[in-house]
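*Asks:* Here it is, the structure in full.
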Amino acid sequence: MEGLINCKNPRCITSIEKDIVHRFVLLDKEEGSYRCDYCDHIYTWEGGLKKMIIDKLYNEVEKKGNVCVGLDTKLDYVPQWLKEKYQDIDEIIFQFNKRIIDST
Ligand SMILES: [Zn+2]
């Protein structure tokens, strides 16, 4: 696994070299323990790893300015009747996303 998590060891090369790709080796999937590929520092994240990935995802979303995660709406997916009902593109996409959210 690469790039998703950062090594917290201040003496680790990934903390010193900025442009290096963080690499971790999965030791125990059940425990959620990982070993840094560079300094052999072992981490046990338990629920924390998932949270870190979600935080990363939120950061990505913030950068791109999308409000709805996973709702990458393309106008092609919107049914024709919806396009005809609402003139405004934003309104069409809002209504379309609303239907996805309502039906999940
Ligand atoms: Zn490390």
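*Asks:* Scan the strands (runs of 3 or more DSSP E) fully inside segment 1-84 and keep the ones with 3 or more residues being at pLDDT 70 or above, surrounded by fewer than 13 Cβ atoms within 10 Å (Cβ to Cβ) and not small (Gly, Ala, Ser).
*Replies:* Numbers: elements: 24-28, 33-36, 42-44.
Filter on segment 1-84 gives 24-28.
*Asks:* Which residue pairs have Cβ atoms closer than 8 Å, lie 6 or more positions apart in sequence or on different chains, and pair a first residue in segment 8-37 that is on the phi > 0 side of the Ramachandran plot with a second residue that is among the hydroxyl-bearing types (Ser, Thr, Tyr) and at pLDDT below 80?
*Replies:* Sorted first by the residue in segment 8-37, then by its partner, the pairs are 32/44.
The values are calculated or read from the model by the stated rules, or taken from the named source; none is laboratory data. Everything quoted here is computed from the prediction, not taken from an experiment. Cβ coordinates were reconstructed from backbone atoms using ideal geometry, including for glycine residues, and neighbour counts include every protein chain displayed.
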